[in-house]
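Visitor: Have a look at this one.
Each reported figure results from applying straightforward, stated rules to the coordinates on display, with no laboratory input. Fair warning: this is a prediction, and the values are worked out from it, not measured in the lab. Every residue, glycine among them, receives a Cβ derived from its backbone with ideal geometry; neighbour counts consider all protein chains shown.
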Amino acid sequence: MRKLRIGIIGTGGIANAHVNAYKNIPEVEVVAGADIVPGKARAFLDRHGLTEAKAFENHRDLLELDLDAVSVCTYNTTHAVCTIDALNSGKHVLCEKPMSVTLDEAVEMVRAEKKSGKILTIGFQPRYDVNMQMIKQIVQSGILGKVYYISTGGGRRRGMPGGTFIRKETAGVGALADIGCYSLDMVLNAIGYPKPLTVSAYASNYFGTKPQYHPEASEFNVDDFAAAFIRLEGGTVIDFRISWAMHMDTMGDTIFLGENAGLKVKSPGLGSPWGGAWDGGVGPIYLYQDILGQHTETAIPLKQNYGPSIFEKKVRDFVDAILQNRPAPIPTSEILYNQAIIDGIIRSVESGREVEINIPEI
């Protein structure tokens with residue numbers, strides 16, 4: 001059987017995880033890479049032993065090859081253009097998170113997906129964690145009843161990246177897009193991704209812009225903290241917080257309040273400066289309910305992840321979807337709502353007021 005031919009667009013840090021995952025899948029071969037930095041794609045491919053793969057400095061040149069699919073691993077502000085170009089050239093696409101920066105970009109990505117008939121899936125690997133899946137199963141079981149309030153977020157005490165992550169021209173936004181999108185996906189996926197209606201938000205960067213906290217402070221012009229109150233269709237509200245840096249050990253647990261029971265998910269990685277974000281793995285889980293008039297707290301045993309890493313499972317699922325002619329594993333119909341919220345947060349911060357979220361028909 002002919003192997004799937006894969007190209008990598010953007011050969012920075014996260015691209016290493018993509019290539020390593022692809023190399024573990026017998027049905028595929030990575031045949032090309034592209035990066036706008038001269039020589040970077042060639043060095044990347046050679047480092048991974050892909051000396052026969054072709055290297056480019058423009059993703060459009062790469063897309064002229066006979067490829068089946070690409071991974072888009074560029075910085076946030078180019079996710080849309082690279083993805084749309086790939087879809088328009090007939091390639092399936094695995095795009096790293098966040099989907100884009102703005103809602104308008106995300107809408108154009110979905111339109112290109114529908115027009116092309118190809119798969120566009122977004123890289124939210126925490127969905128492949130067995131305990132993340134269990135959280136969704138608990139919520140979807142109905143044991144909580146109607147979920148009316150959710151508190152989520154995630155906060156690193158000191159976990160600020162650098163480079164393209166901290167510059168608005170490349171990242172678009174900071175902690176909100178880097179790890180905040182994971183927090184939103186965690187809870188929205190659990191409750192079935194209802195449509196967002198309004199958002200009132202705040203953001204700041206008191207840490208990233210100070211030399212004592214970040215070595216690139218003079219270049220830092222995105223958020224390192226954000227908070228929002230989000231209203232969803234059906235009456236559920238989300239109290240959201242996210243942080244790359246703060247003088248606190250945690251931004252709190254993720255909480256689902258239902259009419260019949262409540263669910264608490266403790267933050268993962270507490271004690272580590274980079275812990276506390278919902279980017280893979282969870283802490284202890286507790287179910288709260290009344291039984292025979294008594295208040296009860298039940299610890300839900302955590303499951304063990306076996307086999308490949310959740311990142312490898314994400315890439316494997318993308319490949320299987322292509323081979324088996326299945327829909328996108330993580331569909332844009334859901335992540336579009338995630339991006340709409342991020343876009344709403346950006347607009348609310350800029351205007352200093354609550355804003356409506358209007359998602360056009362696609």
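Visitor: Lysines near LYS195 by alpha-carbon distance under 17 Å, same-chain residues fewer than 8 away left out - which ones?
Guide: Output for LYS195: LYS146.
Visitor: Between VAL130, GLY269, SER200, whose Cα lies farthest towards the positive end of the dipole of the chain when Lys and Arg beta carbons carry +1 and Asp and Glu beta carbons carry -1, centred on the Cα centre?
Guide: Positive-most Cα among the choices belongs to VAL130.
Visitor: Using a simple charge model, +1 on the beta-carbon of Lys and Arg, -1 on the beta-carbon of Asp and Glu, nothing else, what dipole does the stretch 39-109 show about its Cα centre, in debye to the nearest 20?
Guide: Details: 7 positive and 12 negative charges, 58 e Å.
That gives the stretch 39-109 a dipole magnitude of about 280 debye.
Visitor: How are the C-alpha pair distances of the stretch 283-362 spread across 5 Å bins, as whole percents from the shortest bin up?
Guide: Histogram of Cα-Cα distances, whole percents per bin: 3, 10, 10, 10, 9, 13, 15, 16, 11, 3, 0.
Visitor: Then there is this: Compare GLU57, GLU259, GLU29 in a GNM of the chain, Cα atoms joined below 10 Å, and give the one with the largest fluctuation.
Guide: It is GLU259.
Visitor: Run through every distinct alpha carbon pair of the stretch 213-362 and return the Kirkwood hydrodynamic radius in angstroms, one decimal place.
Guide: Details: mean 1/r = 0.0519 Å⁻¹.
Its Kirkwood hydrodynamic radius stands at 19.3 Å.
Visitor: At 1.002 mPa s and 20 °C, plugging the Kirkwood radius over alpha-carbon pairs of the stretch 43-83 into Stokes-Einstein gives what diffusion coefficient in µm²/s? Let's see the in-between values first.
Guide: On the way: Rh = 11.6 Å.
The diffusion coefficient I find is 185 µm²/s.
Visitor: What are the aspartates and glutamates whose alpha-carbon lies under 18 Å from the alpha-carbon of LYS168, with same-chain residues fewer than 8 places away excluded?
Guide: GLU96, ASP104, GLU105, ASP178, GLU216, GLU219, ASP223, ASP224, ASP343, GLU350
Visitor: Let me ask something else. Say the dipole of the chain comes from +1 at the beta carbon of Lys and Arg and -1 at that of Asp and Glu; which of THR121, GLY281, ALA69 then lies farthest toward its positive end?
Guide: GLY281
Visitor: To continue, here is another question. Could you let me know the centre-to-centre spacing of the stretch 201-216 and the stretch 330-362, using Cα atoms, in angstrom?
Guide: If we compute the Cα centre of each part, the gap is 24 Å.
Visitor: So for the stretch 180-271, what percent of the C-alpha to C-alpha distances run longer than 19 Å? Show your work: numbers first, answer last.
Guide: On the way: 2107 of 4186 pairs.
Looking at the stretch 180-271, the distances longer than 19 Å represent 50 percent of pairs.
Visitor: Also: Any lysines with Cα under 23 Å of the LYS54 Cα? List them, leaving off those in the same chain fewer than 8 positions away.
Guide: Partners within reach: LYS3, LYS23, LYS40, LYS91.
Visitor: Determine the dipole magnitude for the stretch 46-85: charges of +1 sit on the beta-carbon of Lys and Arg, -1 on that of Asp and Glu, nothing else is charged, the reference point is the Cα centre, and the result goes in debye to the nearest 20. Can you show the working numbers first?
Guide: Working: 3 positive and 8 negative charges, 39 e Å.
Roughly 180 debye, rounded to the nearest 20.
Visitor: Sticking with this one: At what distance in nm do the modelled label points of LYS23 and TYR213 sit from each other, each positioned 7 Å from its Cα along Cα→Cβ?
Guide: 3.8 nm
Visitor: Sum -39500 (n - 2.57) across every DSSP H segment of at least 4 residues in the chain, then divide by the residue count to get the 222 nm mean residue ellipticity, nearest 500. Write out the running numbers ahead of the final one.
Guide: Details: 10 runs with 106 residues, N = 362.
Roughly -9000 deg cm²/dmol at 222 nm, from the helical runs in the chain.
Visitor: May I ask for the distance between the Cα centers of the stretch 145-192 and the stretch 1-55, given as a whole number of Å?
Guide: 28 Å
Visitor: Same structure, new question: Just to be sure I understand the curve: with the Debye formula and one point per C-alpha of the stretch 84-210, what is log10 I(q)/I(0) at q = 0.09, 0.17 Å⁻¹?
Guide: Here the Debye-derived log intensity ratios amount to -0.34, -1.13.
Visitor: Taking 0.36 nm per intervening residue step and subtracting the Cα-Cα distance, what contour gain separates ASN325 from ARG2 on full extension?
Guide: On the way: separation 323, 0.36 × 323 = 116.28 nm, distance 1.56 nm.
Between ASN325 and ARG2, full extension yields an extra 114.7 nm.
Visitor: Percent relative contact order of the chain, based on C-alpha pairs within less than 8 angstrom and at least six residues apart?
Guide: Details: 810 pairs, mean separation 68.1, N = 362.
Reported relative contact order: 19 percent.
Visitor: How many percent of the alpha carbon pairs in the stretch 222-283 exceed a separation of 17 Å? List each step's numbers first, then the result.
Guide: Values: 923 of 1891 pairs.
So the portion of pairs separated by more than 17 Å is 49 percent.
Visitor: If you don't mind, there's one more thing I want to ask. With only alpha-carbon atoms counted, please give the Rg and Dmax of the stretch 1-90, in Å.
Guide: Every Cα atom of the stretch 1-90 included, Rg and Dmax give 11.8, 37 Å.
Visitor: Using the charge dipole of the chain (Lys, Arg: +1 at Cβ; Asp, Glu: -1 at Cβ; taken about the Cα centre), state which of THR250, LEU103, VAL319 has its Cα farthest towards the positive end.
Guide: Positive-end residue among those listed: VAL319.
Visitor: Continuing with the same structure: Please return the longest range in the chain lying between exposed loop sites, taking trypsin sites (Lys or Arg not before Pro), DSSP loop only, at most 10 other beta-carbon atoms within 10 Å, and leaving the sites out.
Guide: Numbers: sites that count: ARG2, ARG353.
Looking at the chain, 3-352 is the longest stretch - no exposed trypsin sites (Lys or Arg not before Pro) with at most 10 other Cβ atoms within 10 Å.
Visitor: Please sort 177-185, 294-302 by packing, taking for each peptide the average over its residues of neighbouring beta carbons within 10 angstrom, highest first. Numbers along the way, then the final one.
Guide: Details: 177-185: 25.7, 294-302: 10.7.
Highest to lowest by the protection proxy: 177-185, 294-302.
Visitor: Still on this structure: Per 10 Å bin, what percent of the C-alpha pairs of the chain does each bin hold, from zero upward?
Guide: P(r) over the chain, rounded to whole percents: 5, 24, 33, 26, 10, 2, 0.
Visitor: Within the stretch 180-234, which GluC sites (Glu not before Pro) sit in a loop by DSSP and count at most 13 neighbouring Cβ atoms inside 10 Å? Numbers along the way, then the final one.
Guide: Values: sites: GLU216, GLU219, GLU233; in loops: GLU216, GLU233.
Loop-located and lightly packed - GLU233.
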